[in-house]
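Structure first, then comments.
The values are calculated or read from the model by the stated rules, or taken from the named source; none is laboratory data. Computed from a predicted model, the values in this text were never measured in an experiment. Here the Cβ positions follow ideal geometry from the backbone for every residue, glycine too, while neighbour counts run over all protein chains shown. The accessibility values were calculated without ligands, DNA or RNA, using every heavy atom of the protein model including side chains. Shrake-Rupley method; radii C 1.70, N 1.55, O 1.52, S 1.80 Å.
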Amino acid sequence: MAKHKTAPAAKFLLAIAAVIVLILIAGVLFTSNQGTMLRWAFVPTHEIASEDQGTAPDYASESAWAARPGTESQATMLPEGVVQTMMLPEVDVFYIHPTTYMSKDRWNAELEGDEAAVRRRGNFTMRYQASAFNLAGQVYAPKYRQAAFGAFFDESGQGVQAIVRAHADVLAAFDYYLANDNAGRPFILAGHSQGALHTLLLLAERISPMPELRDRMVAAYIIGWPVSIEGDLAALDGIGACESAKETGCVISYQSFSKDGDPSGLLEMFAKTPGLNGKARAGTTMLCTNPLNWHVGGKASREANLGAIELLPDPGPISAPIQGLTGARCGQRGALYLTEPPQGSWREFLMTGENYHGYDINLFYMNIRANAAARAKAWLEANR
């Protein structure tokens, strides 16, 4: 095990978060022209200092959680035709949802203040993302005052504050979960997009500095957010990239693009922003975990795809898995390319550069489901 570093990650959290956001996540997903349009359409025009933050979530209350054991949520749903085998009650899943608040009325969403955001949180993030992990263990998914979509395009520095505000809630939720719910059980961390950023920062603030937590982490699924092997993972004591399907205590990350997609925006942002080590990530390796074989890099055919889940517009059952929808290969610079990119409804939320960001989990839903459970079982077998 790597020697424990004495400087706590929390000391550089705000600086790292600030630089990451100031460089603009707009560069990841959109061209400069689109970024200008999106700033106009989504960035709040009022000063963040004038915004009433409201009451912080009380994580002792069930109402502060989008999912938790013993309460009804769409995180417990199953795709049509999938029978729930024995869930692992000895393992927890702490899942952090992506951005669902698209309004420019606020820099940080209220927990229940925007009906559309609340609906997306349930019908999309719980239904199609958190549910992918419910075979591996009991799902805990905190609500939090997420940064608005427009915060990621802001150039004034106020978006930075919105991200930090949101992360304070996530950190409070995780601390409450550890103190009151976890009871020493192993756990999986999972997040997508904004949720993946919060997950990466949790690794730096809580997991890496604390050997007892590091030893109990089954894996961290940091999906839809770029992770540098040298700049991020090397700064974390005892935490590296997952190299195989059943390795534990490690990190999974990828960003999905079409077969001929253009990840230049993502690569530019990745190069300019600092890693957890405080240095620019230019010249470092972006982690690409292939979710069809769980190796870093490489290629897997569509036959390895156990089932993708198509997004449906209205609440209802999760549709049956589509086996063999697409294969995937990791490119030399770290993007994940779909070998048979799906068409039709799968392109409804396609982003610039043929980026399938919104479908990162849906495309490989059944593989993620099986893998999270396999890693959880592997941890239990190794620690009994």
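Could you look at the chain and say what percent of its accessible area is carbon and sulfur, using a 1.4 Å probe and all protein chains?
Details: 8110 of 15070 Å².
So the carbon and sulfur contribution to the accessible surface is 54 percent.
To the nearest 10 square angstrom, what accessible area does Glu110 show with a 1.4 Å probe?
Glu110 exposes around 100 Å² with every protein chain in place.
May I ask for the equivalent-ellipsoid semi-axes of the range 53-181, computed as the square root of five times each C-alpha gyration tensor eigenvalue and listed largest first in whole Å? Could the numbers behind the result be given before it?
Details: eigenvalues 149, 55, 28 Å².
So the equivalent ellipsoid measures 27, 17, 12 Å along its semi-axes.
Using amide H atoms built in the peptide plane, which far-off residues or other-chain residues are under 5 Å from Cys288 H to H?
Gly297
At 0.36 nm per residue, minus the direct Cα-Cα distance, what do Ser244 and Glu62 gain on full extension? Give it in nm, one decimal, please. Each step should come with its number before you reach the end.
Numbers: separation 182, 0.36 × 182 = 65.52 nm, distance 3.64 nm.
Between Ser244 and Glu62, full extension yields an extra 61.9 nm.
Using modelled backbone amide H atoms (1.01 Å from N, in-plane), which distant-in-sequence or interchain residues come within less than 5 Å of Ile188's amide H?
Answer set, sorted by chain and number: Asp92, Val93, Phe94, Val218.
Please work out, to two decimal places, the log10 of the ratio I(q)/I(0) at q = 0.12 Å⁻¹ from a Debye calculation in which every Cα of the range 114-176 carries one identical scatterer.
-0.39
Each residue of the range 281-290 in order: what ³J(HN,Hα) in whole Hz does its phi give by Karplus 6.51 cos²θ - 1.76 cosθ + 1.60, θ = phi - 60°, with x for Gly and Pro?
Ordered by residue, 3J(HN,Hα) equals 8, 4, x, 9, 9, 7, 5, 10, 8, 7 Hz.
Where does the chain land on Rg/Rh, using Cα atoms and the Kirkwood Rh?
Numbers: Rg = 19.1 Å, Rh = 20.6 Å.
When Rh is taken as the Kirkwood radius, the ratio is 0.93.
Computed over the Cα atoms, what is the radius of gyration of the range 180-244 divided by 2.2 N^0.38 Å, N being its residue count?
Values: Rg = 11.5 Å, N = 65, 2.2 N^0.38 = 10.7 Å.
Here the answer is 1.07, to two decimals.
Of the candidates Ala117, Ala235, Ala320, which one comes out as most mobile in a Gaussian network treatment of the chain with C-alpha springs shorter than 10 Å?
Ala320
Sorted by mean Cβ packing within 10 Å, highest first, what order do the peptides 277-289, 335-347 take?
On the way: 277-289: 19.1, 335-347: 17.4.
By packing density, highest mean first, the sequence is 277-289, 335-347.
How much area per residue is accessible in the chain when the probe is 1.4 Å and only protein heavy atoms are counted (Å²)?
Working: 15070 Å² over 384 residues.
About 39 Å² of surface per residue is accessible.
Give me the dipole magnitude in Debye, nearest 20, for the chain about the Cα centre, with unit charges on the beta carbon: positive for Lys and Arg, negative for Asp and Glu. Spell out each step's value before the answer.
Numbers: 32 positive and 38 negative charges, 184 e Å.
Using Cβ point charges on Lys, Arg, Asp and Glu, the chain gives about 880 debye.
Quick one: which residues, 5 or more positions from Val251 or on another chain, have an amide H under 5 Å from its amide H? H modelled 1.01 Å from N in the peptide plane, none for Pro or chain starts.
Ala220, Gly240, Ala241, Cys242
Counting just the Cα atoms, what span does the range 190-346 cover along each of its three principal axes? Round to the nearest Å and put the largest first.
44, 33, 30
Estimate the FRET efficiency between Ala374 and Thr85 by the formula 1/(1 + (r/R0)^6), using the beta-carbon distance for r and 22 Å for R0, to the nearest 0.05. All intermediate terms of the calculation are to be shown ahead of the outcome.
Working: r = 12 Å, r/R0 = 0.56.
Taking R0 as 22 Å, the efficiency between Ala374 and Thr85 is 0.95.
Pick out, from Pro321, Leu336, Asn123, the residue whose Cα sits farthest towards the positive end of the charge dipole of the chain, with +1 on the Cβ of Lys and Arg and -1 on the Cβ of Asp and Glu.
Result: Leu336, furthest along the dipole toward the positive end.
What figure, in Å² to the nearest 10, do you get for the accessible area of Trp225 with a 1.4 Å probe and non-protein molecules left out?
10
Once you place label points 7 Å from the Cα toward the Cβ at Ala183 and Leu312, how far apart are they in nm?
3.4
Using Cα pairs under 8 angstrom and six or more residues apart, how large is the relative contact order of the chain, in percent?
On the way: 860 pairs, mean separation 74.3, N = 384.
Once divided by the residue count of the chain, the mean separation gives 19 percent.
Of Phe149, Phe187, which has the most accessible area and how do the rest follow, probe 1.4 Å?
Values: Phe149 35, Phe187 0 Å².
Order by accessible area, largest first: Phe149, Phe187.
When the Karplus curve 6.51 cos²θ - 1.76 cosθ + 1.60 is applied with θ = phi - 60°, which whole-Hz ³J(HN,Hα) does each residue of the range 221-237 get, with x for Gly and Pro?
Going residue by residue, I get 9, 9, 9, x, 9, x, 10, 8, 5, 7, x, 10, 5, 5, 8, 9, 4 Hz, with x marking Gly and Pro.
Within 10 Å, count the other beta carbons around each residue, average over each peptide in 296-303, 72-79, and list them highest first.
Values: 296-303: 15.6, 72-79: 17.9.
In decreasing order of mean packing, 296-303, 72-79 become 72-79, 296-303.
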